[in-house]
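Quick one: the structure is below, and I'll ask about it shortly.
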Amino acid sequence: MYRLCAQEMYTIEGGPVFRIDYPTFNKELIFDAIRGYAGEDVTIDTFHQFWTIGGTSIYRVDTTQNTLVFEHNLNTISGVAGMATDANNIIWLAGGYLFSYDPLLKTHTNFGPMNYVCAGDLTFWNGDLYMTSTTNQIIKIDRNNPTNCMVHLDLNQSPIGLATIWNCVTGQTRTFAFGEGDVLEINFADKTYELATDLKIGATGATSPTEWHASLPFHKAIDTILFANPLCGMADGTIEFVPEASENGKLEFSLDGSVWQSSGLFTQLPAGSYSINIRGGSCKSITHTVVLDNMNAPSILAEALTPAVCKMHSGSITVLDTSNSTELEYSLDEQNWQAEPLFSSLATGWYTVTARDTEGCLSFADAYVRDSNSMYIKQILRNQDTAAVCAGTTVTLRALGDPAWSYAWSENGVPLDGLNSFLVFVAPSDTG
């Protein structure tokens, strides 16, 4: 049985199934049992069981034997492309028609034809069901009337797979769209999207172990995180995770990932950045970071400025002194200190910045430098805003760090002779 962590996703590429780590998006082959039988999509139910679809047949994936077990046929002439499981362990399926399947009763319901065709996957957000369409759009599905589905978001490429991860500590969900192009992060609330990674992760479908949580209204497993900062130079800080009532007795907590306890209370802590491991209950397995500052210590924020480009050490982090302290020193390893609040030549990854005042009190802040092989600009002008830009204008965009590139206007990768009121994207005039 494969381990399931909350902050990871799974993609299927016409047969092979891969684990996608978050936030690195590193890919690992898990099993290849689906090749030749199915492969349109994959979903994980509330019991951690993998399912897949091939044509109109539904299969249960035996991950221990790397085999498929036929479970049900939808008996329809309309093929199915996407699937997702809700909190009631009902599997929803879509192609040209919308279906639901109950694995316990081994029965399905045909809700009829849809006014959009599913391109490859379904997912949930805030209780509602969404799908990728063959029209490069995210569609909100009306489960009561599938002919009344509505466009929720237009995209500049055609992703196929959708995967939503749920954070049991914050209750927040994040949805990612996979295809042959870049991986996009979808913001359902704002109806926007942005680049998650430019690693090309091909997928005919995607899922996560916590995707079904998004079929419910907002909820979380941890009610409150309490903490008390230590006195400067002392180890008297505390962190306490207080579970929701429904999670009492189900969760375990660890500071180092090896020694576990049923209580979410940790005491006698010096100042520092702590990664608390949580497992059990609806959390599955997740890590949450809590920063303890020394009392009366300086207050800082850390922000990643320039992404690491082409997998080189080109990222940077700047530190903001929010307490207006004087004579602060900064370090990434608490050994090498500098007065300049800027760190450069950084590879992709998480960094903890430490600030130290003249009394030796420490403050901490975390930042993540992402990996990017190219600059990506999402919607920047629309409607009346385009009137302010002359046709054929070359626009210079300044990155917040080194380097800065020159860009030219284009739409869907085609250079523009003039601008219109459609979405306008920026394409680099050189590669980087």
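Please treat every number below as a calculation from the coordinates, not as lab data. Every value quoted in this text rests on a predicted model; they were computed, and no experiment measured them. Every residue, glycine as well, gets a Cβ built from its backbone with ideal geometry; the counts of neighbours run over all protein chains shown.
Mind putting together the pair-distance distribution for the stretch 106-200? All Cα pairs, 10 Å bins, whole percent per bin, short to long.
The calculated distribution, bin by bin, is 16, 48, 28, 8, 0.
On full extension of the chain, what length is gained from GLU180 through ALA339, given 0.36 nm per residue of separation minus the C-alpha to C-alpha distance? Mind showing how you got there, number by number?
Working: separation 159, 0.36 × 159 = 57.24 nm, distance 4.47 nm.
My answer for the length gained is 52.8 nm.
In what sequence do TRP350, TRP92 fall when counting other Cβ within 10 Å, fewest first? Please report the intermediate quantities before stating the final value.
On the way: TRP350 14, TRP92 24.
Lowest to highest Cβ neighbour count: TRP350, TRP92.
Hey, another quick one. Tell me, in nm to one decimal, what length is gained between GLU252 and GLU303 on full extension, where the rule is 0.36 nm per residue of separation less the Cα-Cα distance? Mind dumping the intermediate values first?
On the way: separation 51, 0.36 × 51 = 18.36 nm, distance 3.16 nm.
Length difference between fully extended and current span is 15.2 nm.
Moving on to the next point. Expressed as a whole number of Å, what is the distance separating the alpha-carbon centroids of the stretch 60-87 and the stretch 100-129?
The stretch 100-129 and the stretch 60-87 have Cα centres separated by 12 Å.
Based on the mean of other Cβ atoms within 10 Å per residue, sort peptides 120-130, 312-322 so the most packed one is first.
On the way: 120-130: 22.9, 312-322: 18.2.
So the order, starting with the most tightly packed, is 120-130, 312-322.
Now, a different point. Can you sort CYS149, CYS361, CYS283 by how many other beta carbons sit within 10 Å, fewest first? Please report the intermediate quantities before stating the final value.
Numbers: CYS149 22, CYS361 19, CYS283 26.
Fewest-to-most Cβ neighbours within 10 Å comes out as CYS361, CYS149, CYS283.
Based on the alpha-carbon gyration tensor of the stretch 245-363 and its eigenvalue square roots a ≥ b ≥ c, which shape applies: rounded if a/c is under 1.5, prolate if not and a/b is larger than b/c, or oblate? Each step should come with its number before you reach the end.
Details: a/c = 2.81, a/b = 1.54, b/c = 1.83.
Since a/c reaches 1.5 but b/c is at least a/b, the shape of the stretch 245-363 is classed as oblate.
Then there is this: Going down the list LYS220/LYS250; LYS106/LYS284; LYS140/LYS220; LYS27/LYS200; LYS220/LYS284, which pairs span over 21 Å between their C-alpha atoms?
Pairs exceeding 21 Å: LYS106/LYS284; LYS140/LYS220.
While we're looking at this one, here's another question. Could you give the nm distance between label points at MET295 and TYR368, where each point is 7 Å from its Cα heading toward the beta carbon?
For the pair MET295/TYR368, the computed spacing is 3.3 nm.
Taking amide H positions as placed in the peptide plane 1.01 Å from N, state which residues far from HIS152 in sequence (5 or more) or on other chains have amide H under 5 Å from it.
Hits under the 5 Å cutoff: ILE138, ILE139, LYS140.
Tell me, PHE25, PHE47, PHE31 in order of fewest to most beta-carbon neighbours within 10 Å? Spell out each step's value before the answer.
Values: PHE25 18, PHE47 8, PHE31 21.
Fewest-to-most Cβ neighbours within 10 Å comes out as PHE47, PHE25, PHE31.
Continuing with this model, one more query. Hey, how many Å between the Cα centroid of the stretch 238-282 and the Cα centroid of the stretch 285-364?
Going from one Cα centre to the other spans 25 Å.
Identify the residues of the stretch 342-373 with backbone N under 17 Å of a label point that sits 7 angstrom from the Cα of ASP236 along the Cα-to-Cβ direction, or state none.
361-362
What's the extension gain from ASN26 to ALA347 if we count 0.36 nm per residue and subtract their Cα-Cα distance?
Values: separation 321, 0.36 × 321 = 115.56 nm, distance 1.52 nm.
Between ASN26 and ALA347, full extension yields an extra 114.0 nm.
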